[in-house]
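What follows is calculated from the coordinates using simple rules that are stated; it is not laboratory data. Predicted, not measured: the structure shown is a model, and the values here were computed from it. Neighbour counts run over all protein chains shown; Cβ positions are idealised from the backbone, glycine included.
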Amino acid sequence: MSRRIFHFLPVFLAFFLAVFCSGCFGKVFAEERGSYSPGQTNVLTPAADGKITAGGDPLLLDFSHTDLGYFMGILKADKKVNIQVTGPDNITYHYFLETPDEYTTFPLTAGNGTYIVMAFENISGNQYISILSHTITVELKDEFLPFLYPNQFVNFNAETKAVALAAELSADAETDLDAFTAVFEYVVNNITYDYEKLKTVQSGYLPDVDDTLLTQTGICFDYAALTVAMLRSLSIPARLDIGYTGNVYHAWVTVYIESIGWVERAIEFNGDEWKLIDPTFVSSSEDKEAIMDYIGNGENYTLMFVR
């Protein structure tokens, strides 16, 4: 997430340097995803039931609902812990916990299969010691559930203002495609890229979707998290994808549309064809046609993590 991206977008160099860079709540579903309904939000709520656990002090992990696409963790002491999750795709995900006595949700985005969960306690500076290793076998009730529940990176609940906004934006949207279009256009037209935040953002930063709404600013991570949170609250599966465009670290959105399937890097439909669109770039660009050509080329993106 750096302005070095311009080195890899020469067509856009001149104008990018002058502009910006890179309701009613429905039933809460406990075990299955709902279907899209105009103006209705179905916020899935993670739970730590204590049926299957590992660890204890300083970290307790709850694996009671891996079939719903997540597990949860809570710190029992004022410590810093690194949780590493390696799934059947052999990609290792890193999560950090520093706030005690609050459950945090971690997604199982690699789908069905065996996951190895390891935890390490920070003892000094960048030094960690191993405190836990646990293997789980995941068999999802529904393949979309990991992309509908909130988690540490896409954090929302029934009281989140972004959820209420999603209900408002989708009130007249007859289909999930209409709702996606309304959410996408709101984010693109109302959120401004935050250069100062880009300069000061620290490693381990986590988006706050309501803060993004309040300030109407954000970096690519914020754009993507806000879009995904609103879509998930409407029972529209959505992924927060993290990786590189060129050699610049970046985040974007992939969404599931019932009549189409998974559409990568978000979309625009002009009546004749689909265009792949990254919300950050679209909102930041004055040359829509040129930026859509770049984004539409999947070779410009390298996916690393799915949240």
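Descriptive notes on the structure:
- Annotation: the residues THR227, THR137, sorted from fewest to most other C-beta atoms within 10 Å of their own C-beta, follow the order THR137, THR227.
- Computed from the Cβ-Cβ distance with R0 of 22 Å, the FRET efficiency linking ASN157 to LYS197 stands at 0.35.
- Lys, Arg +1 and Asp, Glu -1 on Cβ, resulting dipole of segment 53-141 about Cα centre, debye, nearest 20: 120 debye
- Whichever aspartates and glutamates have a C-alpha closer than 16 Å to that of LYS76, once near sequence neighbours (fewer than 8 apart) are set aside: ASP57, ASP62, GLU98, ASP101, GLU102, GLU121
- Packing, taken as the mean count of other beta carbons within 10 Å per residue, orders the peptides 139-146, 299-306 from highest to lowest as 139-146, 299-306.
- Full extension of the chain between LYS80 and SER124 gives 14.8 nm of extra length, using 0.36 nm per residue less the Cα-Cα distance.
- As a proxy for reagent exposure, ranking TRP262, TRP252 by other Cβ atoms within 10 Å from fewest up yields TRP262, TRP252.
- Across all directions, the average projected area of the convex hull around the alpha carbons of segment 59-193 is 10.6 nm².
- Estimated vicinal HN-Hα couplings, Hz - segment 64-80 in sequence order (Karplus 6.51, -1.76, 1.60; Gly, Pro = x): 5, 10, 5, 5, 9, x, 7, 9, 10, x, 9, 7, 9, 8, 7, 10, 10
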